[in-house]
Every structure is written in structure tokens, then in C-alpha cells.
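Since the structure comes first, as C-alpha cells, the remarks are kept for the end.
We did not get these values from a lab; they are worked out from the coordinates using the rules stated. Just so you know, these numbers come straight off a predicted model, no measurement behind them. Cβ coordinates were reconstructed from backbone atoms using ideal geometry, including for glycine residues, and neighbour counts include every protein chain displayed.
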Amino acid sequence: EAQVTQNPRYLITVTGKKLTVTCSQNMNHEYMSWYRQDPGLGLRQIYYSMNVEVTDKGDVPEGYKVSRKEKRNFPLILESPSPNQTSLYFCASSFRREGDEQYFGPGTRLTVT
Amino acid sequence: GNSVTQMEGPVTLSEEAFLTINCTYTATGYPSLFWYVQYPGEGLQLLLKATKADDKGSNKGFEATYRKETTSFHLEKGSVQVSDSAVYFCALAGGFKTIFGAGTRLFVKA
């Protein structure tokens, strides 16, 4: 089954404790992206990747890191999480970067206390 | 920069009512436009899309037309069902980025 998977689905952590949210797709997509969803703000793009070893900042990259060492994986790293990063996070992928639909993962709900 | 504005919700309708959710955009160039739907507890999934002016996207009874002259991409459905209750996002893709609207929550009552 073609899908985007994210882990963990739920995470509660404390300020400053490094964490990684994994994202994997099995559709051989070139383009992958991370979004955060907050009430009243819709989805905002954090980082995106056009292909292996090619990444760039979205609209809200502060406090986040990403890497793309393999085509299928695109982990999101929070080196020192803060409470304002409490949010619902979505990973998405598409075959090309524009004009094609994006396939979304099920989401990761992160709470930073 | 590019932006998307969609009508605030929630929108509450009775079953079989007509639905319109307004979406307007500002963009340089010729972006693609999308409507995504999010059911409770799930990720977003594509509802329909249009890639150039005057294109009409349609799916599951929903329609939207890419209007360059009014910079709009309004979502419509002639007769909603309870199962259409969800959050709907208008989105614009240009270059390497996709911009989403704030989302409109739809409740459909039986």
C-alpha cells in the first residue's frame, strides 16, 4: 500500500530534550516536506526537500532541522524543543515539486512542557 | 509573497444543502490550486485540483474552478452529506512551496 508513515504518533516531552520525528514514504517520491498545523493558522511549511541531500527552509524553520540521506526518509529534528513547538506535525511527499498532489502522513501530535 | 485566504468557519449545514467555501489567493506566476480535506484524526488528502486558469477540478460531487480574473478557487457541492463533515483547506503551489489557507470546518447535520 502506498503511504507516508510517521513515528511517533503522539509524543510528550520536556523543554530542551532533543527529539526526532521520523517520516518515510514508499512511493519513490522526490519531494518531501514537513508542516505544522496550529488552530486558526492552517498548515505552515517548516522545511522541504527536492531530492536526496537537497533541502531548503519553508516559512517557519526556526528551531527545526532536517536531513535527507535516503530518498524514502525525511526526519524532523528538534534539537532543543520549546513549548511554542507544541503542535500537530505532518510529513508529506509528492513525485514532483509542484502541480502534483501531496500525500500526507497521519500526523504527530507533539506536546512540549 | 503568495497567500491564500479562505472563509472562516465553522460552517453548519443540514443534509442536502448547497455548500460554498470561498477561497481567494494572491500569487506571482501561474500556481496550481488545490482543495484538501482532513477528516478527524487523519492527515490531509487531496479532494481536487486545477493547474491552470479556467480549469475545473471535480471529485465526489465537489467542484472548484480556477478563476484568474477574480483570483478565486471557491469550493462547491450541490448536496452535502453527513459524511462530508471535515475540515477543508485551500492551497496554492508555486515554485518549491505550498501555501495553505487556515482551513474551514464543516458540520453537516442529519
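Suppose we keep just the alpha-carbon trace of chain B; what are its Rg and Dmax in angstrom?
Over chain B's Cα set, Rg and Dmax evaluate to 13.3, 43 Å.
Stretch B:E15-B:N59 to full length: gain in nm at 0.36 nm per residue minus the Cα-Cα span? Each step should come with its number before you reach the end.
Details: separation 44, 0.36 × 44 = 15.84 nm, distance 1.85 nm.
Result for the pair: 14.0 nm of gain on full extension.
Full-extension gain between A:R96 and A:E79, please, as 0.36 nm times their residue separation minus the C-alpha to C-alpha distance.
My answer for the length gained is 3.2 nm.
Residues with beta-carbon under 15 Å from that of A:G63, excluding A:G63: net charge, scoring Lys, Arg +1 and Asp, Glu -1?
Details: positive: A:K17, A:K18, A:R36, A:R44, A:K57, A:K65; negative: A:D38, A:D59, A:E62, A:E79.
Net charge in that neighbourhood comes out at +2.
Listed here are the pairs A:K71/B:K60; A:K71/B:K49; B:K77/B:K109; B:K60/B:K109; which of them are more than 23 Å apart at the Cα?
On the way: A:K71/B:K60 33 Å; A:K71/B:K49 26 Å; B:K77/B:K109 15 Å; B:K60/B:K109 19 Å.
As for pairs spanning more than 23 Å Cα to Cα, those are A:K71/B:K60; A:K71/B:K49.
Peptide A:56-69: average number of partner chain Cβ atoms within 10 Å per residue?
Values: counts 2, 1, 4, 3, 0, 0, 0, 0, 0, 0, 0, 0, 0, 0.
Mean number of neighbouring Cβ atoms from other chains: 1.
Would you please report the Å³ per residue occupied by the convex hull of the alpha carbon atoms in the stretch A:9-111?
On the way: hull volume 9.5 nm³, N = 103.
Convex hull volume per residue, Cα atoms: 93 Å³.
Can you tell me the relative contact order of the stretch B:34-90? Whole percent, Cα pairs under 8 Å, sequence separation 6 or more. Walk me through the numbers on the way to the answer.
Values: 96 pairs, mean separation 19.3, N = 57.
Relative contact order here is 34 percent.
What does the charge dipole of chain B about its Cα centre add up to, to the nearest 20 debye, if the Cβ of each Lys and Arg holds +1 and the Cβ of each Asp and Glu holds -1? Mind showing how you got there, number by number?
Numbers: 10 positive and 10 negative charges, 54 e Å.
Roughly 260 debye for chain B.
So how strong a dipole does chain A carry about its Cα centre when Lys and Arg Cβ are +1 and Asp and Glu Cβ are -1, to the nearest 20 debye?
Values: 14 positive and 12 negative charges, 74 e Å.
With Lys and Arg at +1 and Asp and Glu at -1, about 360 debye.
Along the principal axes of its C-alpha atoms, what lengths does the protein assembly as shown span, in descending order and rounded to whole Å?
Answer, in whole Å and largest first: 49, 38, 35 Å.
For the stretch A:69-79, take each phi angle, set θ = phi - 60°, evaluate the Karplus expression 6.51 cos²θ - 1.76 cosθ + 1.60, and give the result in whole Hz per residue in order, putting x for glycine and proline.
In residue order, the calculated couplings are 8, 10, 5, 7, 10, 8, x, 10, 10, 10, 5 Hz.
Note the full-extension length gain between A:T20 and A:E70 as 0.36 nm times their separation in residues minus their Cα-Cα distance, in nm to one decimal.
Values: separation 50, 0.36 × 50 = 18.00 nm, distance 1.60 nm.
Fully extending the segment from A:T20 to A:E70 adds 16.4 nm.
Say R0 is 30 Å: what FRET efficiency, to the nearest 0.05, do B:F96 and A:R109 get from their beta-carbon distance? Write out the running numbers ahead of the final one.
Working: r = 27 Å, r/R0 = 0.89.
Efficiency, rounded to the nearest 0.05: 0.65.
Cβ under 11 Å from A:V52's Cβ, A:V52 left aside: what net charge do those residues give with Lys, Arg +1 and Asp, Glu -1?
+1
In debye to the nearest 20, how big a dipole does the stretch A:35-80 give about its Cα centre with +1 on each Lys and Arg Cβ and -1 on each Asp and Glu Cβ? Intermediate values should be presented prior to the final figure.
Details: 8 positive and 7 negative charges, 41 e Å.
Computed about the Cα centre, the dipole is about 200 debye.
Suppose we flag chymotrypsin sites (Phe, Trp or Tyr not before Pro) only when DSSP calls them loop and at most 16 other Cβ atoms lie within 10 Å. Which is the longest uninterrupted stretch of chain B?
Numbers: sites that count: B:F18, B:F96.
It runs B:19-95.
Find the relative contact order for the stretch B:5-110 and round it to a whole percent, using C-alpha pairs within less than 8 Å whose residues are 6+ positions apart. Let's see the in-between values first.
Working: 264 pairs, mean separation 39.2, N = 106.
Relative contact order for the stretch B:5-110 comes out at 37 percent.
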